[in-house]
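Worksheet: the structure to be examined is printed underneath.
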Amino acid sequence: MKEYCILGKLESKYLAPYDNTDITRVNIPDSVKEIGKAAFSGCTNARITYPRNATVYSDAFEGCRSAIKR
């Protein structure tokens, strides 16, 4: 299992480990305000949690196992 960790006060819509099938878990912190277009697209094994107040652009989580607001 590989986790993708986002640390600190990242406020970018350009986060992206795009098309990385090795990632299985991503926890996006509350400091992230935007998740860019297709940012995690193709991360087919990823389970992602992200802040409820984040702006999510089109296809940000396309093909992910799950993407859950918290």
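The values are calculated or read from the model by the stated rules, or taken from the named source; none is laboratory data. Note that the structure is predicted; figures quoted are calculated from it, not measured. Heavy atoms of the whole protein, side chains included, go into the accessibility calculation; ligands, DNA and RNA do not. Shrake-Rupley method; radii C 1.70, N 1.55, O 1.52, S 1.80 Å.
Screening the stretch 7-28 for residues that are open to solvent by less than 20 Å² (accessible area, probe 1.4 Å) and hydrophobic (A, V, I, L, M, F, W, C) and picking the one that is modelled with the lowest pLDDT gives LEU15.
Residues in the stretch 43-70 that are within 12 Å of ILE28 (Cα to Cα), of a type outside the set (A, V, I, L, M) and open to solvent by less than 80 Å² (accessible area, probe 1.4 Å): 3 in all.
Within the stretch 29-54, the residues that satisfy the criterion of being modelled with pLDDT of 90 or more, over 15 Å from ASP19 (Cα atoms) and outside any loop (DSSP other than H, G, I, E, B) are THR49, TYR50.
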